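These notes are about the structure you will find just below.
The values are calculated or read from the model by the stated rules, or taken from the named source; none is laboratory data. Predicted model, so just to flag it, every value in this text is computed and none were measured. Cβ sites come from the backbone with ideal geometry, for glycine too, and all protein chains shown count toward neighbours. Remember, those area values only see protein heavy atoms, side chains included, never the ligands or the DNA or RNA. Shrake-Rupley method; radii C 1.70, N 1.55, O 1.52, S 1.80 Å.
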Amino acid sequence: MEAWRRQLSDPVSAFPIAKGGPAHIATLKTFDPPLAALEGRQLRGAERRGKRLLLPTADGELVLLIHLMTAGRLKFLGAGEAGPKTPAFRLEFVGGSKLVLTENAKKKRAGVWLLTPEGAAAELDHLGPEALGLDADALGEILRRESRRLHALVRDQRAIAGIGRAWANEILHTAKLSPYALTTDLSDEEVARLATAMNDELARGLELRERGADDAKTYRIHRRLGQPCHMCGMPIAQVDFEEHTIFYCPNDQTGGRVLKDRRLSRLLR
């Protein structure tokens, strides 16, 4: 999302908005103020909080908030450039350029909100500190508040904002920590290792995304089941849940132990 923010900030603020919408009924989460309230206003640029993109108007009266979830994608189209016929959301600018949101998934989970600044602050109030830049001391305080599995905690936006499922896999692999490790059991050295991995991996991903790299060139462990680990060569394993999948290296992260895949176990009964 940070790469998108940097890419979109200048283009979306170049011209006033000609038209807000249309938007898919499942994508637009608010109705007051209406999208028509954006027309004639100019955006100040693009900001980010956690995994949410914020597009405030230059007059300070409105904020367009976008959450892509897992399958949402944003694209800025120049005047006359072809785009999707039925995007989930579209913002058209004077001169003909457009910002479009698409979501190639059966379940429409991406969301767009048009809010006042106070409404946007309330919508974001539950988020924890930003992951990028978090040091070992601050991370240690978060980890020791309650005993939880590490993978779940790292991607919990209320605890740490900005890390999704894919980057949780990448970060824990780089830190050589089990996704099932309990947060309160980590030593100071392991917490420091996790903080370093978190900042290094997010910085690596941001650099690659800004250069236009796709998922295949960015992720080194996520969605690479059975492929050799780039650190040790052991085949990457997975634990499959209903809503997400954990990818990990048994050699580097779990001492050679293969974590039980409960979903697969149920299928094999």
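Residue by residue through region 253-260, what is 3J(HN,Hα) from phi via Karplus (6.51 cos²θ - 1.76 cosθ + 1.60, θ = phi - 60°)? Round to whole Hz and write x for glycine and proline.
10, 10, x, x, 7, 8, 6, 5
In a Gaussian network model over the chain where Cα atoms closer than 10 Å are linked, find which of 111, 80, 50 has the largest mean-square fluctuation.
Its mean-square fluctuation being the largest, the pick is 80.
Mind checking region 7-69 for GluC sites (Glu not before Pro) that DSSP puts in a loop (not H, G, I, E or B) and that have at most 16 other Cβ atoms within 10 Å?
Filter output for region 7-69: 39, 61.
For region 106-229, just say rounded, prolate or oblate: build the C-alpha gyration tensor, square-root its eigenvalues into a ≥ b ≥ c, call rounded for a/c under 1.5, and beyond that prolate if a/b exceeds b/c, oblate if not.
It is oblate, given that a/c is not under 1.5 and a/b is not larger than b/c.
With every protein chain kept in place and ligands, DNA and RNA left out, what is the accessible area per residue of the chain? Probe 1.4 Å, answer in Å².
50 Å²
Using the reciprocal of the averaged 1/r over all distinct C-alpha pairs, how large is the Kirkwood radius of region 116-177 in Å?
12.6 Å
Roughly what % antiparallel, to the nearest 5, for the DSSP beta bridges in the chain?
95 percent
Measuring from centroid to centroid over Cα atoms, what is the spacing of region 24-65 and region 158-198 in Å?
Comparing the Cα centres of region 24-65 and region 158-198, I get a distance of 33 Å.
Taking amide H atoms as placed 1.01 Å from N in the peptide plane, list the residues 5 or more away in sequence, or in a different chain, whose amide H sits under 5 Å from that of residue 62.
Residues meeting the criterion, in which the H sits 1.01 Å from N, are 57.
Place a +1 charge on the Cβ of each Lys and Arg in the chain and a -1 charge on the Cβ of each Asp and Glu, then give the dipole magnitude about the Cα centre in debye, rounded to the nearest 20.
In debye, rounded to 20, the chain gives about 1260.
Would region 1-99 count as rounded, prolate or oblate if I go by the C-alpha gyration tensor, calling it rounded below 1.5 in a/c and otherwise prolate when a/b exceeds b/c, oblate otherwise?
Because its axes are fairly even, with a/c under 1.5, region 1-99 counts as rounded.
Have a look at 145, 44, 193 and tell me which one the Gaussian network model of the chain (Cα, springs below 10 Å) gives the largest fluctuation.
Maximum among the listed residues: 145.
Counting only Cα atoms, I'd like the Rg/Rh figure for the chain, Kirkwood definition for Rh.
Looking at the chain, the ratio lands at 1.01.
How about region 194-264: which trypsin sites (Lys or Arg not before Pro) there lie in a loop by DSSP and see at most 13 other Cβ atoms within 10 Å?
When the trypsin sites (Lys or Arg not before Pro) of region 194-264 are filtered for loop state and at most 13 Cβ neighbours within 10 Å, 211, 257, 260 remain.
Add -39500 (n - 2.57) for each DSSP H run of 4 or more in the chain, then divide by its residues: what number comes out at 222 nm, to the nearest 500 deg cm²/dmol?
-8500 deg cm²/dmol
Under 5 Å between amide hydrogens, which residues at least 5 positions from residue 161 or on another chain qualify, with H placed 1.01 Å from N in the peptide plane?
Placed amide hydrogens put 128, 130, 131 under 5 Å from residue 161.
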